[in-house]
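Coordinate-derived values only; no laboratory data. Quick caveat, the model's predicted, so the values are computed rather than measured. Counting neighbours? That spans all protein chains shown, and the Cβs are built from the backbone with ideal geometry, glycine included.
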Amino acid sequence: MNSTPQKSSLPLKTDCIGKCHRLKGYCGGCGRTSDEIFDWIILSDQEKQAILGTPREDANNP
């Protein structure tokens, strides 16, 4: 029995920078909404790519 993990494709990573705090409905670190962060693990790669490609307002600059 071979227990070597298969690398069919790498999961699409987030743009999280580890400075999570919510300001005006967006994370001040990555700029995603709470819903986008919460749903990330169930989204398709296409949905994730669309989120990552969406321009975000800078939550740190009101």
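Numerical summary
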quantity: L12 paired with Q49, simple spin-label distance in nm, labels 7 Å along Cα-to-beta-carbon; calculated: 0.7 nm
quantity: Whole-number percent relative contact order across region 16-57, with pairs defined as alpha carbons under 8 Å at least 6 apart; calculated: 27 percent
quantity: Peptides ranked, highest mean first, by Cβ atoms within 10 Å: ranges 21-30, 40-49; calculated: 21-30, 40-49
quantity: Separation of the C20 and I42 label points, Cα + 7 Å toward Cβ, nm; calculated: 1.7 nm
